[in-house]
1. Dividing the alpha-carbon radius of gyration of the range 58-157 by 2.2 N^0.38 Å (N being the number of residues), what value is obtained?
2. Tally Lys/Arg at +1 and Asp/Glu at -1 over every other residue whose Cβ is under 12 Å from the Cβ of GLY594; what's the total?
3. Less than 12 Å apart at the alpha-carbon level, and either on another chain or at least 8 residues along: which aspartates and glutamates does that give for LYS353?
4. Which value, in Å³ per residue, describes the convex hull spanned by the Cα atoms of the range 116-226?
5. Compute the Cα gyration tensor for the range 432-559, then decide on rounded, prolate or oblate, letting a ≥ b ≥ c be the square roots of its eigenvalues: rounded whenever a/c is under 1.5, prolate when a/b is larger than b/c in the other cases, and oblate in all that remain.
6. Estimate the FRET efficiency between ARG31 and VAL174 by the formula 1/(1 + (r/R0)^6), using the beta-carbon distance for r and 60 Å for R0, to the nearest 0.05.
7. Taking only protein heavy atoms and a 1.4 Å probe, what accessible area per residue, in Å², does the range 42-155 have with all protein chains in place?
8. Given R₀ = 30 Å, FRET efficiency for GLU183-PHE552 by Cβ-Cβ distance, to 0.05?
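The values are calculated or read from the model by the stated rules, or taken from the named source; none is laboratory data. A quick note: this is a predicted structure, and the numbers were derived from the prediction, not measured. Neighbour counts are summed over all protein chains in view; Cβ atoms, including those assigned to glycine, are modelled from backbone coordinates with ideal geometry. We work out accessible area using only protein heavy atoms, side chains counted, and drop any ligands, DNA or RNA first. Shrake-Rupley method; radii C 1.70, N 1.55, O 1.52, S 1.80 Å.
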Amino acid sequence: MNSNQETLHERSLQAPEAFWAEAAEDVSWDRRWDKVLDDSGKPFYRWFEGGVLNTCHNALDVHVEAGRADQLALVYDSAVTGTARTFTYRELLGEVARFAGALAHQGVEKGDRVVIYLPMIPEAVIAMLACARIGAVHCVVFGGFGPSELATRIDDTQPKLIVSASCGIEGERVIPYKPLLDEAIKLASGKPDRCIILQRPQAEAPLIPGRDLDWTDLLAEAEPAACVPVAATDPLYILYTSGTTGIPKGVVRDNGGHLVALKWSMKNVYGVEAGEVFWAASDVGWVVGHSYIVYAPLFKGCTTVLYEGKPVGTPDPGAFWRVISDHGVNVMFTAPTAFRAIKREDPGGDHIKRYDLGSFRTLFLAGERCDSDTLLWAQGHLSVPVIDHWWQTETGWPIGANCVGLGTLPVKPGSCALPVPGYDVRVLDEAGREVDRGETGSVAIKLPLPPGCLPTLWNNDEGYRESYLSAFPGNYLTADAGYVDEDGYLWIMSRTDDIINVAGHRLSTGGMEEVLASHADVAECAVVGVSDEIKGEIPIGLIVLKAGVDRFEEEVIQELVQMIRARIGPVASFKTAAVVKRLPKTRSGKILRGTMKRIADGVDYKMPATIDDPVILDEITEDFLGIGYPKEPQS
Ligand code: COA
Ligand code: AMP
């Protein structure tokens with residue numbers, strides 16, 4: 001099929017205001033905008049200045065009013081509890097409006113922050129939409145983060161209220177959330193007035209009188225709340241993501257631009273129509289969950305699937321195919337790591353054959369670089385187009401994709417295809433000049449970013465400017481390196497900062513180093529992301545002990561592993577470290593993490609010209625061998 005993507009992309013860059021004004025006609029406004037793009041505060045831009053609307057109204061009420069009241073809006077499928085629940089648009093609206101009423105009754109008002117720390121249950125979606133309904137700003141924290149990470153977010157957002165649950169369920173393990181929440185509140189300097197706790201039968205939690213309220217009791221008494229009109233430029237949510245230090249960045253999403261861009265993306269990027277079933281197998285704690293479990297499918301009038309489970313082990317590698325077949329999923333989105341896990345357990349795709357996948361049309365992968373083997377395996381066994389696409393928490397929706405709604409482009413495994421309309425992607429050299437096609441450089445996006453992307457960081461305009469806009473003035477720095485090939489296809493190869501991608505989860509090695517360095521026996525340390533067959537990358541710690549420390553190395557390492565679990569969370573997957581004599585550095589003292597990564601991965605490396613003492617690399621090679629790196633190549 002011929003693709004219209006290049007033509008539309010060109011049009012979107014030549015006349016962005018006309019392009020996005022046309023897209024904005026597809027959403028419901030209380031008041032139309034005065035200006036499509038307000039560039040009076042360059043390099044800060046605002047979309048749909050003067051416009052007034054409500055995000056929840058566009059996700060639910062408009063569909064109930066337009067005849068979709070009895071269509072399923074949300075299907076909750078829990079492989080870990082063996083249950084499923086469905087909500088029509090009418091039912092979901094009822095739940096959301098009542099929970100919004102409960103929040104309002106607790107004094108939550110437009111602009112107040114609400115932290116949501118919930119597992120993958122419908123209440124997470126309800127709480128997010130309820131905040132949007134009353135103009136409160138939600139901040140969802142992924143359940144795999146520990147108390148310190150939660151406390152950092154509480155301190156930065158100063159929430160009026162926190163919504164949480166008694167427990168999450170990971171495979172067969174019940175993880176009590178309440179002790180983590182209580183610990184986080186203890187650590188945080190700003191305390192919320194109230195916590196609303198959903199009691200799950202797998203592990204009920206004791207409530208603290210005067211602070212904690214029971215979700216079910218509260219909802220029973222609540223009156224439904226109406227939508228509160230907000231400015232298009234008002235914040236809808238804050239989502240923290242790893243930055244180059246241990247302090248996460250609070251990505252802000254506005255209401256108007258987000259709504260327009262996400263709704264546009266459903267048809268044009270994903271090729272999905274209202275009434276169809278869309279499933280993003282991610283977590284509401286990540287951007288994919290915000291954008292494509294909750295908001296975009298509901299804006300479009302689709303049925304969205306919320307899956308509590310894993311791709312393997314709940315109970316077997318056929319879990320995804322069961323969900324597709326049970327709920328008639330048309331389009332699915334997940335991370336390549338999930339497919340690597342399935343492929344390892346079911347290399348011949350035997351579980352796929354057990355299910356009727358007649359409804360299934362397209363698979364989208366993102367969150368990390370997708371290796372060709374995984375893409376081709378999925379394509380071969382599923383017999384549907386497998387589309388790799390590239391985006392970031394900051395952008396909120398895809399930057400580079402094969403926009404199947406505009407006509408499918410040929411797939412090149414390893415490339416995310418062409419820039420999506422709205423994104424002026426440039427590959428730059430160190431001086432900020434565009435490089436030739438085929439040459440690798442820093443991938444940047446010429447400002448303005450399209451609607452839906454972050455307008456700034458929460459309470460931190462300066463941090464936004466410094467992290468993203470200062471490297472190449474006039475451009476947004478993606479911190480990804482890559483190139484554009486002779487056909488204009490984008491190849492995103494690696495990060496240019498200290499971020500690693502562990503099972504599709506974005507983590508900062510700098511943040512982990514800060515935790516390790518705080519151990520009393522550690523003089524110096526480095527964390528590098530080494531290749532992992534399933535998770536893509538995993539962090540490995542290299543530790544130099546303080547002079548005079550005379551303890552079993554294994555004992556110290558176990559303490560360090562526990563510290564990362566407690567301070568960052570189990571999601572960091574930090575399980576391996578080695579005690580080394582010294583760390584390789586440049587003459588100016590910079591630790592050679594990139595070289596160490598290549599050694600651990602068993603990849604050839606060039607001796608860095610500025611290395612202080614080349615002998616250390618031989619020592620480090622031995623140290624890596626001692627902990628089993630490089631791994632034997634897999635057949
Ligand atoms: N609450 C509490 N703990 C959590 C959690 C949550 N929401 N999510 C993960 N964890 C814990 C896990 O239990 C595990 O703990 P453990 O070290 O005690 O075993 C740890 O964090 C690492 O979890 P995970 O990275 O999920 O590894 P896994 O081995 O359990 O599963 C995969 C591996 C590949 C199956 C899994 O990572 C996966 O399905 N990934 C899909 C990726 C995805 O959804 N990415 C989002 C972007 S699209
Ligand atoms: P996150 O903010 O967690 O979505 O992570 C964003 C980062 O993941 C990007 O900056 C990339 O480094 C990486 N990433 C996401 N999708 C892709 C992709 N399709 N190809 C290559 N890298 C990707």
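1. Working it through for the range 58-157, the quotient is 1.18.
2. +3
3. Reachable aspartates and glutamates: none.
4. 100
5. Prolate, since a/c reaches 1.5 and a/b exceeds b/c.
6. The computed FRET efficiency comes out at 0.80.
7. I get 28 Å² per residue for the range 42-155.
8. The calculated FRET efficiency here is 0.60.
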